[in-house]
Each structure stands twice: as C-alpha cells, then as structure tokens.
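Notes to accompany the following structure.
Just so it is clear, none of the values below were taken in a lab; they were calculated from the coordinates. In this text the structure is predicted, and so the values were computed from the model without any measurement. Positions of Cβ are generated from backbone atoms using ideal geometry, with glycine treated the same way; all protein chains shown enter the neighbour counts.
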Amino acid sequence: MQMSATGRKRPLAEQDWPQWQGCTDIDRQQTVGEFGEGSWRLNYVTGDLFSCPGDEALAHCISEDCHMGAGIALMFRKKFNGVEELKQQKKVTGQCAVLKRHKRYVYYLITKKRFNNKPSYESLRQSLEDMKTHCTLNGVTRLSMPRIGCGLDRLHWDRVSVILEQVFKHSGISVTIYSLPERAEMTVMHESYR
C-alpha cells in the first residue's frame, strides 16, 4: 500500500509488487476500493482460495444443472459435496444457490443453463446481486472467490471486476479475489481438459 499526496491509501501497481520466488498459501496482496462506513473493499491475493479464513464465505460460478465437472467448480464439488442440496433449491440462471458448511456460506452463482454453455455478463451480475442480498440478510461481511467467470467460462476480468464494484460498492462487504500463480493455474486448466 502506498500513500497518495492526499494521505489516502492507494494500491501498488502490479509492476511495483515485490518479485516472489515461489508460492506459499498467500504470496501477494493488493487492495482497491473505498474505506469507511457502508463502503466495500476488493482485495487481490495470489494463493489458494481454500486457504482463506474458515469463517469467510466462498463463491464461484456454476450452471443450473450443477454439473461441476471441471476447473474450480470440480474442486468445490469435491470439498463441499451437496450437489443434491443445490439441485433441490431449484435455482435458475441469474440466481444464487447456497450451502452452509461449518461457519461459512458457500455461494454457487448460477450463470448459465447447462455446463457446456457460456455465461453472459448480465447473468453474472444478476447472480452477484442475488448473492449480495443473501449476504446482507445473513450478516456476511467477508467473501472470497476466484476470478469468477474468467477461467473455463472465458469472461474478461476487466469487465467482471467493474461488475463486482458496481454490485458491492457501498455494501460493507469485503471481497477477496484469489488467483493461482500462473504455473499452477496452467496445470489446473490442463487437468480440466483431460
């Protein structure tokens, strides 16, 4: 974090981040957003999403059919199970299914009809709004997720991050975006296509 001329904190530009030799659970962090009452915070972390604090809610994107056969969705399926619980909620595109696991909520953003479809930015926005409503009603103030929609779904992070800001600004919810180190991300993507 650097201080601006006005004394406000501002994030380091990526080129100013330290060079990291290897990846531990969490290597780099960058924060953007406004700070204060009713504001939000968007944190960027390089590391394992599942290493986030155990009381922090998690979120990722899936299809209505709850297939979750590849990428991070497969990891969520293996870690949290609950496919039948999700299907019983009968959520449709633009909504959010929820599991309660231990001290946290796990959010499943329904962004497309079938696993082999691609989501739209609008379906992502609608599912994020639905998730925000649940967070607000249930006292969730910290949420961690991958770069949603930007892996196998091929949405562009520059547009997704703007949607996140539009949805969560003034919500009082801190959002942390986890990214794998580039080498690890390529390995996961390669294994997903097998």
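Each peptide in 59-71, 132-144 was scored by the mean count of other Cβ atoms within 10 Å over its residues; highest first, the order is 59-71, 132-144.
The Rg/Rh ratio for segment 57-100, using Cα coordinates for both the radius of gyration and the Kirkwood hydrodynamic radius, is 0.90.
What the pair-distance distribution of segment 43-179 shows, using all Cα-Cα distances binned every 5 Å from zero, is 2, 10, 23, 26, 23, 13, 2 percent.
Each residue of segment 145-154 was assigned a 3J(HN,Hα) from its phi angle through the Karplus expression (A = 6.51, B = -1.76, C = 1.60, θ = phi - 60°), giving 7, x, 6, 3, x, 9, x, 5, 7, 6 Hz with x at Gly and Pro.
Bridgeable lysines around K112 (alpha carbons under 16 Å apart, same-chain partners fewer than 8 residues away excluded): K87, K90, K91.
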